[in-house]
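To start, the structure under review is shown below, and the notes come after it.
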Protein chains: 2
Amino acid sequence: MGLIVQKFGGTSVADADRIRNVARIITETYRRGHNVLAVLSAQGDTTDDLIAKAAQINPHASKREMDMLLSTGEQISCSLCAMAIEAMGYPVVSLTGWQAGFRTNSVYSDARIKRIDTERVLAELDKKAIVIVTGFQGINKYDDITTLGRGGSDTSAVALAAVLHADLCQIYTDVDGVFTADPRSVEGAAQLDEITYDEMLELATLGAQVLHNRSVEMAKRYGVKLEVLSSFSGKPGTKVKEVAKTMEKMHVSGVAKDKNVARLAVVGLADQPGIAFKIFSLLAKENVNVDIILQSIGRHNTKDISFTVGKQDMERTKKLLEDHVELLGFDHIDVSDQIAKISIVGAGMVHNPGVAAKMFEALYNAGININMISTSEIKVSVLVDLADADRAVQVIHDRFFSEFGTGN
Amino acid sequence: MGLIVQKFGGTSVADADRIRNVARIITETYRRGHNVLAVLSAQGDTTDDLIAKAAQINPHASKREMDMLLSTGEQISCSLCAMAIEAMGYPVVSLTGWQAGFRTNSVYSDARIKRIDTERVLAELDKKAIVIVTGFQGINKYDDITTLGRGGSDTSAVALAAVLHADLCQIYTDVDGVFTADPRSVEGAAQLDEITYDEMLELATLGAQVLHNRSVEMAKRYGVKLEVLSSFSGKPGTKVKEVAKTMEKMHVSGVAKDKNVARLAVVGLADQPGIAFKIFSLLAKENVNVDIILQSIGRHNTKDISFTVGKQDMERTKKLLEDHVELLGFDHIDVSDQIAKISIVGAGMVHNPGVAAKMFEALYNAGININMISTSEIKVSVLVDLADADRAVQVIHDRFFSEFGTGN
């Protein structure tokens, strides 16, 4: 009887029929006595269409104007969904990011939520209205429209669920839940009933693409109960929470692949303290997200630092470093975007040191070369050649999930 | 060297090339040393596309949600235009209706501007930025998005020009200016260099469709100098101001046709005082715009009241009156939308009583029947059968403009 936040992605609202389907899911939840707040993404191709329009006019448009443009996508899907709910006879109101109180910082196209002024949303919920909120967007201190970057609508939904103390935040998508690997490309991938925030976090970060890491981090921090489920199948999804009941049993929860990876190797750095600090504070200042970092000894008293960034950031990161060659003092920079990151994730891994070895063995047996390795308490990631990526996921998945059912 | 407000309609921003063209017009004005504030409509078919999307989902969607939906159209065209100006290397910022401070009443889809909080716009102009503002929209006291109804973008532009004391408000459109009749359908129609607010007002009201009456009224009230011109031809347009230099010479400035007319005849009303008041206050309360009103004596101590409304309002006006038949006491209502209103307008008319007669004579000679007549100081309107409309305009235009050049 409490508040349920439901988030619907772009494929879930792609056309009139699907919007009506979403309206049915929302109103059924409402009819069961819940307050419902739905967060919507833009319709399927809307964002791509708008980006194409912009590219035609100015391929280097400012991010401020891009956000102004792109934020219309969610406004369209939300008003259409509100109309569908009106047609079913329920009280409903759609709200833009600024109307729903989303205040963000000023990093256009990749803004962070600073606070949500919930007054308007609460007033509407008090009136027993179904509230439809545009995901992905807010306004900054200048009252300019910002967008939240990748996975922004998930973040919007979880943030609202957190500040409103919602009982549940349901992330509706086009898959049935979280799988042990991508079911579209890996044979034998199975759906998980439950998963911990930390496992989900590693999977999201690693390119499982079901939920973005920012939203999972936020859910973990504020204790928001998540459920990932399909807006099409009507089947139960995967619950994401603090302690998953299957945790002890499974060492590895899933295998993830991320093709949006580029590697930069800064070669021939002077072997002196503070050089890593200089590089990565420079990149942080320019909002370059760095993932895996590896430092190794080079020749003649130098060292090399390799790291990965998103493909879209590869060129500008290279240029940024080259512009500061005098400050940093290096010989040259090697880059490659023909790589992929494959990871296994599992909260049980920390107690089972053999897990990483098992993964490497599977790759070795398949003749797949490992470029870089990175580990954390609950994951092991390797960089492999892009051409080997799909096969790598399959052989690793087979190794962990086919031997003894899903028992690892 | 002052401030120039420029308004561009939907055809002027229909595609990438046209947006670039608009950006050129704006930046050329800016380069001549002016502050420039441009108000844009939605791109050509965007509004129609959005309306079609809504109709697919809910043909009876609330106007509140329609405004939420439709207001995205101008946001798209404005951000794209800002990008085009960025590409040309000029400082620019696009603003939505609420960002530009447009506060309106709460009549969704047909809101009236209550005030404009100019702080943000002035700050941007102070910074020497070109400011691009979405026409047609604002927000009400609930912070909900409203749209201004027909001709709304013209009104937005003139309102901004008024509060900012702009030196000139240029209305860019797809015609070269104001003509003595619609040049697309009337042979011999000629462009006017200048025209008075009052003449323009009558022409706009009467369906000349170059400028909406609301914007002309506002321009007159606040003394905003207007110029109507083409965004394509680069030719000088028509200036609209208090006293036009050609006023004394011309008796008739133009001939206008309005096909968006429906006539309702309320037949058999009791012949008692207050009946007209009752009818029209009822219609006003429901936001039905009434145009020509005619009252005549009916049979048996009754009277008939005929009036015209926009075609889109015909059915609901009929129903509204029938719902109140007990209050109003009438026999029945006749309706027709197979009519058109043809009008001649001219500030010189008031001193030349023969002008109306000349118009009737032209129609008589052409065998065109007149259904209703309405006159003001500077116009004469007649209702004719829709089938006769185009021919009526031509014969009237020929009568006034072909005899002695444009000398009437």
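The values are calculated or read from the model by the stated rules, or taken from the named source; none is laboratory data. Keep in mind it's a predicted model, so treat the numbers as computed, not measured. Heads up, the Cβs are rebuilt from the backbone with ideal geometry, glycines too, and the neighbour counts pull from every protein chain shown.
Scan the stretch A:145-154 and tell me whether some residue there is more than 19 Å from A:HIS34 (Cβ to Cβ), more than 20 Å from the chain's Cα centre (by Cα) and either within 14 Å of chain B (Cβ to nearest Cβ) or in contact (Cβ under 8 Å) with a residue 24 or more places away in the chain (or both).
Checking the stretch A:145-154: at least one residue is more than 19 Å from A:HIS34 (Cβ to Cβ), more than 20 Å from the chain's Cα centre (by Cα) and either within 14 Å of chain B (Cβ to nearest Cβ) or in contact (Cβ under 8 Å) with a residue 24 or more places away in the chain (or both).
Looking at (1) farther than 24 Å from A:SER71 by Cα; (2) within 12 Å of chain A (Cβ to nearest Cβ), which one does B:SER77 not meet, given that it meets all the others?
Only one criterion is unmet by B:SER77, namely (1).
Do we have A:MET83 as facing chain B (nearest Cβ under 8 Å), at pLDDT 95 or above and within 18 Å of B:GLU74 (Cβ to Cβ) here?
No: the conditions fail for A:MET83.
Evaluate the following for A:LEU201: is it closer than 30 Å to B:VAL93 by Cβ, in contact with a helix residue (DSSP H, G or I) (Cβ under 6 Å, 6 or more places away or on another chain) and hydrophobic (A, V, I, L, M, F, W, C)?
Criteria not met by A:LEU201.
So which residues in the stretch B:145-161 are farther than 16 Å from B:VAL5 by Cβ and among the β-branched types (Val, Ile, Thr)?
B:ILE145, B:THR146, B:THR147
Determine which single condition A:ASN105 fails, assuming it passes every other condition in (1) of a type outside the set (Asp, Glu); (2) surrounded by 24 or more Cβ atoms within 10 Å (Cβ to Cβ); (3) more than 12 Å from every other protein chain (Cβ to nearest Cβ).
Every listed condition holds for A:ASN105 apart from (2).
Considering each residue of the stretch A:371-391, count those that are among the hydrophobic types (A, V, I, L, M, F, W, C), at pLDDT 85 or above and over 22 Å from the mean Cα position of the chain (by Cα), and give that number.
Going through the stretch A:371-391 one residue at a time, the tally reaches 1.
Here are some residues: A:ALA157, A:ALA161. Which one is under 16 Å from the mean Cα position of the chain (by Cα) and at pLDDT 90 or above?
When all the criteria are applied, what remains is A:ALA157.
Just checking, does the stretch A:108-122 include any residue being among the polar types (S, T, N, Q) and either facing chain B (nearest Cβ under 8 Å) or surrounded by 23 or more Cβ atoms within 10 Å (Cβ to Cβ) (or both)?
no
What number goes with the only condition from (1) surrounded by 20 or more Cβ atoms within 10 Å (Cβ to Cβ); (2) out of contact with any Lys or Arg (no Cβ under 8 Å at 6 or more places or on another chain); (3) small (Gly, Ala, Ser); (4) at the interface with another protein chain (Cβ under 7 Å from one of its Cβ atoms) that A:SER62 does not pass?
(1)
Is there a residue in the stretch B:180-192 that is in contact with a Pro (Cβ under 7 Å, 6 or more places away or on another chain) and surrounded by fewer than 22 Cβ atoms within 10 Å (Cβ to Cβ)?
yes
Going by what's in this entry, would B:GLU74 be described as touching a Phe, Trp or Tyr at 6+ places or on another chain (Cβ under 6 Å) and under 27 Å from A:ASP15 (Cα atoms)?
yes
Have a look at B:LYS319, B:LYS278, B:LYS285 and point out the one that is among the charged types (D, E, K, R) and in contact with a helix residue (DSSP H, G or I) (Cβ under 8 Å, 6 or more places away or on another chain).
Answer to the selection: B:LYS278.
Tell me which of these A:HIS251 doesn't satisfy, since it passes every other one: (1) in a loop (DSSP other than H, G, I, E, B); (2) surrounded by 14 or more Cβ atoms within 10 Å (Cβ to Cβ); (3) touching a Ser or Thr at 6+ places or on another chain (Cβ under 8 Å).
(3)
Every residue in the stretch A:1-37 that is polar (S, T, N, Q) and within 28 Å of A:LEU70 (Cβ to Cβ), please.
A:GLN6, A:THR11, A:SER12, A:ASN21
So which residues in the stretch A:123-144 are under 24 Å from A:ASN213 (Cβ atoms) and more than 10 Å from chain B (Cβ to nearest Cβ), if there are any at all?
Listed by number, the residues that qualify are A:VAL133, A:GLY135, A:PHE136, A:GLN137, A:GLY138, A:ASN140.
Can you run down the residue pairs with Cβ atoms below 9 Å, 6 or more apart or on separate chains, where the first is in the stretch B:93-108 and small (Gly, Ala, Ser) and the partner is in a loop (DSSP other than H, G, I, E, B) and surrounded by fewer than 24 Cβ atoms within 10 Å (Cβ to Cβ)?
Matching pairs, first to second residue: B:ALA100/B:ASP117; B:ALA100/B:THR118; B:GLY101/B:ASP117; B:GLY101/B:THR118; B:SER106/B:ASN140; B:SER106/B:LYS141; B:SER106/B:TYR142; B:SER106/B:ASP144.
Go through the stretch B:123-159 and give me each residue that's farther than 30 Å from B:LYS285 by Cα, out of contact with any Pro (no Cβ under 8 Å at 6 or more places or on another chain) and surrounded by 17 or more Cβ atoms within 10 Å (Cβ to Cβ).
B:GLU124, B:LEU125, B:VAL131, B:ILE132, B:VAL133
Looking at A:SER381, is it part of a strand (DSSP E or B), out of contact with any helix residue (DSSP H, G or I) (no Cβ under 7 Å at 6 or more places or on another chain), closer than 20 Å to A:ILE292 by Cα and not aliphatic (A, V, I, L, M)?
Answer is no for this residue.
Take the residues of the stretch A:21-46 that are within 12 Å of chain B (Cβ to nearest Cβ) and surrounded by fewer than 21 Cβ atoms within 10 Å (Cβ to Cβ): which is farthest from A:THR96 (Cα to Cα)?
Here the answer is A:ASN21.
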